[in-house]
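*Asks:* My questions will all concern the structure given below.
The values are calculated or read from the model by the stated rules, or taken from the named source; none is laboratory data. As the structure is a prediction and not an experimental result, all values here were calculated from the model. Positions of Cβ are backbone-derived with ideal geometry, glycine not excepted, and every protein chain shown enters the neighbour counts.
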Amino acid sequence: MRSENRLIGAGILTAITASLCCITPVLALIVGTSGMASRFSWIEPFRPYLIVLTILTLGFAWHQKLKPQKEMNCACVSDEKPKFIQSKTFLVIVSAFAIIMLGFPYYSGVFYPSIQTQIIVVDKSDLKKTEFKISGMTCASCEEHVNHEVNKLSGIVNSKASYENGNAIIEFDGTKTNETEIEKAIKSTGYKVTSKTDN
């Protein structure tokens, strides 16, 4: 029973660790410490291994729970009900929690409030588009975090960050904001702007 509890604990720990790089930006937004968002981005390369480890650990815990028990001819064996932490119900809850944690990067965007900016552009010549190369983004949660911070600025027409491309393409009204302010907003998330080019 103790080994089962260790397996369950290990399954929870690996599931949380696998998604820690994606959970941190959301926690940073909630707590209001935006700059800590990129602290766990170094975990991202290990995410596939942590996912496999989580699945193997919980799979083995389920195997231990479902395998037939050896019958013993002993009068000392009692029919006591197992503790909740040793029950199948608890293992179901832990497994569901692990699945939710492993899937976090795919639905993390729902935690970011949408910032609707209403821009009235007087002159089209004031519109500018700049690509910022960003290092440190590892998932959709990172993209949402960058977009959220940039959209707080006045004059932003469109912000599209991409962790796959390692960039953010920002369209803005040059009379209301500038590249320096946008770069500051991106850096406030904890990610680094490595270069910028006008489009």
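*Asks:* If you go through the stretch 1-58, how many residues are under 22 Å from residue 106 (Cβ atoms), modelled with pLDDT of 75 or more and hydrophobic (A, V, I, L, M, F, W, C)?
*Replies:* Matching residues across the stretch 1-58 total 12.
*Asks:* Here's another thing I want to ask about it. Kindly indicate whether any position in the stretch 59-68 is modelled with pLDDT under 85, surrounded by 11 or more Cβ atoms within 10 Å (Cβ to Cβ), charged (D, E, K, R) and over 12 Å from residue 18 (Cβ atoms).
*Replies:* Within the stretch 59-68, one or more residues are modelled with pLDDT under 85, surrounded by 11 or more Cβ atoms within 10 Å (Cβ to Cβ), charged (D, E, K, R) and over 12 Å from residue 18 (Cβ atoms).
*Asks:* I would also like to ask the following. Could you list, ordered by first residue, the pairs with Cβ atoms under 6 Å in which the first is in the stretch 5-25 and assigned by TED's automatic domain parsing to the domain that holds residue 52 and more than 12 Å from residue 97 (Cα to Cα) and the second is modelled with pLDDT of 75 or more and among the hydroxyl-bearing types (Ser, Thr, Tyr), at least 6 apart or interchain?
*Replies:* 7/57; 10/57; 21/138; 22/141; 25/141
*Asks:* Which is outside the structural domain of residue 45 (by TED's automatic domain parsing) and part of a strand (DSSP E or B), of 182, 186, 170? If you could, list the steps in order and put the result at the bottom.
*Replies:* Numbers: 182 fails: part of a strand (DSSP E or B); 186 fails: part of a strand (DSSP E or B).
Just a single option satisfies the conditions, and that option is 170.
*Asks:* For the stretch 134-165, which positions are surrounded by 15 or more Cβ atoms within 10 Å (Cβ to Cβ), within 14 Å of residue 189 (Cβ to Cβ) and over 18 Å from the mean Cα position of the chain (by Cα)?
*Replies:* Within the stretch 134-165, 150, 151, 153, 159 qualify.
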